[in-house]
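Structure record follows, encoded as structure tokens.
The values are calculated or read from the model by the stated rules, or taken from the named source; none is laboratory data. From a predicted model like this one, the values you see are computed outputs, not experimental measurements. Note: ideal-geometry Cβ built from the backbone for every residue, glycine included; neighbour counts use all protein chains shown. In case anyone asks, the SASA skips ligands and DNA or RNA and just uses the protein heavy atoms, side chains included. Shrake-Rupley method; radii C 1.70, N 1.55, O 1.52, S 1.80 Å.
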Amino acid sequence: MKNEQGMAIVDRDEDGVDRAFRKDVLNGLRQRQKAIPARWLYDDAGSQLFEDITEVEEYYPTRAETEILKARGEEFAELIGEGRAVVEFGSGSSVKTPLLLSAIEPAAYIPLDIAGDFLRASAAALGEKFPGLPIHPVEADFMRETPLPDAVKTMPKLGFFPGSTIGNMVPRTAVDLLRSMRATLRADEGTAPLLLIGMDLVKDRDVLEAAYDDAKGVTAEFNLNLARRINRELDGDIPVDALRHEARWNNKFARVEMHLEAARAIDFSICGERFSMAKGETIHTENSHKFTRRSSATLLLAGGWTPVKRWRDSEKRFSLILAEATEQREAP
Ligand SMILES: C[S@@+](CC[C@H](N)C(=O)[O-])C[C@H]1O[C@@H](n2cnc3c(N)ncnc32)[C@H](O)[C@@H]1O
């Protein structure tokens, strides 16, 4: 379904149910290892809880990335230049965005997110800080090539993808996403698009697991909110009090996984379909892949982006990488 600008918006059935959400949940819970794509963690409540996570002591990525954004403004200005349309993928609260926008004098800002109400509220708040800047929020799934508003079509683009959101995808999907970003950012007039992307780094297992299982239980609430959302939006009766949040480092895939674990055997129904979980069985709800210098470069190159410059915070926990769309050539 499209809005009047031809932009993708949420596809709902006659009862107002988001069809893609229902399909992902039902298919995901029918698998042997139950799994639901992480994007569904972000309804309004989930988006707000994610903002709360960024402030807990153990969650270092936001502080580390903000430190880089604050310190490197002059280099951004030099390498990126003025007059680009900045397209932020998964913009959320857009809290880090002002640091970038004030450094580079962009021509327009296009925040793109799947959580529409949160997106529009954040875009309005940002507009007050940058009164002269054209802002065009786009509610869309960034996994698909997205048509941008006509007003910015011909402008050279900078994609901004902070927060290591790329780490939420398995490598194959991350490559698809990088390619579709490249297509979304293509300008009619041919200036190569740039991408400024945050990628969290591999580090001590204890630090990583604590970052996704804070002592105050905010991340646990974020994870459990998914079960509450399913109950609310998909006519479910999951006994949420029987589920436990779990964060575990998976060394084989270099990622922290979030799961919802059944503390006892449970049965429930969603949209009329029955499901059961044995005690100890889990629903896998999120991956946060962590990168090395080499793995981040390999992923970007596979997605059609050539790394140009890489910065790390003072404690070397997080990287921000500027990449340029790789010129397409026939061979070799
Ligand atoms: C980890 S948060 C990052 C938020 C913010 N960019 C930051 O750096 O703090 C991920 C954001 O991506 C959005 N998101 C997740 N999956 C998405 C998808 N498939 N399409 C569009 N936005 C998505 C979420 O709604 C959320 O705002």
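How big is D, in µm² s⁻¹, for the chain by Stokes-Einstein at 20 °C and 1.002 mPa s if Rh is the Kirkwood radius over C-alpha pairs? Numbers along the way, then the final one.
Values: Rh = 20.7 Å.
The diffusion coefficient I find is 104 µm²/s.
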remark   = Of every hundred units of 1.4 Å-probe accessible area on the stretch 89-135, the number belonging to carbon and sulfur atoms, as a percent, is 56
ask   = Which one of Asp15, Asp214, Asp313 has the biggest mean-square fluctuation once the chain is modelled by GNM with Cα springs under 10 Å?
value = Asp15
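Quick one: net charge of Met143's neighbours, Cβ under 10 Å, K/R +1, D/E -1?
Values: positive: Arg39, Arg144; negative: Asp141, Glu145, Asp176.
After counting each charged neighbour, the total is -1.
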query = Going by accessible area, probe 1.4 Å, with all protein chains left in place, what is the ranking of Arg317, Arg32, largest first?
reply = Arg32, Arg317
request  = For the stretch 150-163, take each phi angle, set θ = phi - 60°, evaluate the Karplus expression 6.51 cos²θ - 1.76 cosθ + 1.60, and give the result in whole Hz per residue in order, putting x for glycine and proline.
outcome  = 3, 4, 10, 3, 8, 6, x, 10, 10, x, 10, 9, x, x
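With a cut-off of 8 Å between alpha carbons and a minimum separation of six or more residues, what is the relative contact order of the stretch 202-271 in percent? Mind showing how you got there, number by number?
Numbers: 88 pairs, mean separation 23.4, N = 70.
In percent, rounded to a whole number, it is 33.
Taking the Cβ-Cβ separation of Asp267 and Val17 as r and a Förster radius of 25 Å, what is the calculated FRET efficiency to the nearest 0.05?
Working: r = 22 Å, r/R0 = 0.88.
That pair, Asp267 with Val17, gives E of 0.70.
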task = Run through all the Cα pairs of the stretch 155-258 and give the fraction in each 10 Å bin from 0, expressed as whole percent.
result = 12, 30, 29, 21, 8, 1
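Rounded to the nearest 5, what % of the DSSP beta bridges within the chain are antiparallel ones? Spell out each step's value before the answer.
Details: 36 of 55 bridges.
Of those bridges, close to 65 percent are antiparallel.
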message = Can you compute 3J(HN,Hα) from phi for each residue in the stretch 276-293, using the Karplus curve 6.51 cos²θ - 1.76 cosθ + 1.60 with θ = phi - 60°, rounded to whole Hz and x for Gly and Pro?
response = 9, 9, 6, 4, x, 6, 10, 10, 7, 10, 7, 10, 10, 6, 10, 10, 10, 4
key: Local electrostatic count at His245 - Lys and Arg +1, Asp and Glu -1, tallied over other residues with Cβ under 9 Å   = -3
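If R₀ is 56 angstrom, what is the calculated FRET efficiency for the pair Asp235 and Ser295, using the beta carbon separation as r and rounding to 0.05?
Working: r = 42 Å, r/R0 = 0.74.
FRET efficiency, Asp235 to Ser295: 0.85.
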key: Translational diffusion coefficient (Stokes-Einstein; Kirkwood radius from C-alpha pairs) of the stretch 1-102 at 10 °C, 1.306 mPa s, in µm²/s   = 92
request  = Run the dipole for the chain about the Cα centre, Lys and Arg Cβ at +1, Asp and Glu Cβ at -1, nothing else charged, and hand back the magnitude in debye, nearest 20.
outcome  = 1200
task = Using Cα centres only, tell me the gap between the stretch 199-253 and the stretch 83-110 in whole Å.
result = 29
ask   = Which whole-number percent is the relative contact order of the chain (Cα, under 8 Å, 6+ apart)?
value = 19
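Based on the alpha-carbon set only, what is the convex hull volume of the stretch 244-332 divided per residue, in Å³? It would help to have the intermediate numbers written out before the result.
Working: hull volume 17.1 nm³, N = 89.
So the per-residue hull volume is 192 Å³.
What accessible area per residue, rounded to a whole number of Å², is obtained for the chain using a probe radius of 1.4 Å? Display every interim value, and only then the final one.
On the way: 15490 Å² over 332 residues.
Heavy-atom SASA per residue in the chain reads 47 Å².
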query = Once both labels are modelled 7 Å past Cα along the beta-carbon direction, what's the Glu51-Ala77 spacing in nm?
reply = 3.0
ask   = In whole percent, what relative contact order does the stretch 152-202 give with Cα contacts below 8 Å and a gap of six or more residues?
value = 61
note = Note, the stretch 32-41: 3J(HN,Hα) by Karplus (6.51, -1.76, 1.60, θ = phi - 60°), whole Hz, Gly/Pro = x, goes 5, 8, 4, 7, 10, x, 4, 4, 6, 5
task = Rounded to the nearest Å, what's the spacing between the alpha carbon centres of the stretch 43-79 and the stretch 262-308? Just the number, please.
result = 22
query = Placing +1 at every Lys and Arg Cβ and -1 at every Asp and Glu Cβ, with all other atoms neutral, what dipole size does the stretch 127-247 have around its Cα centre, in debye to the nearest 20?
reply = 440
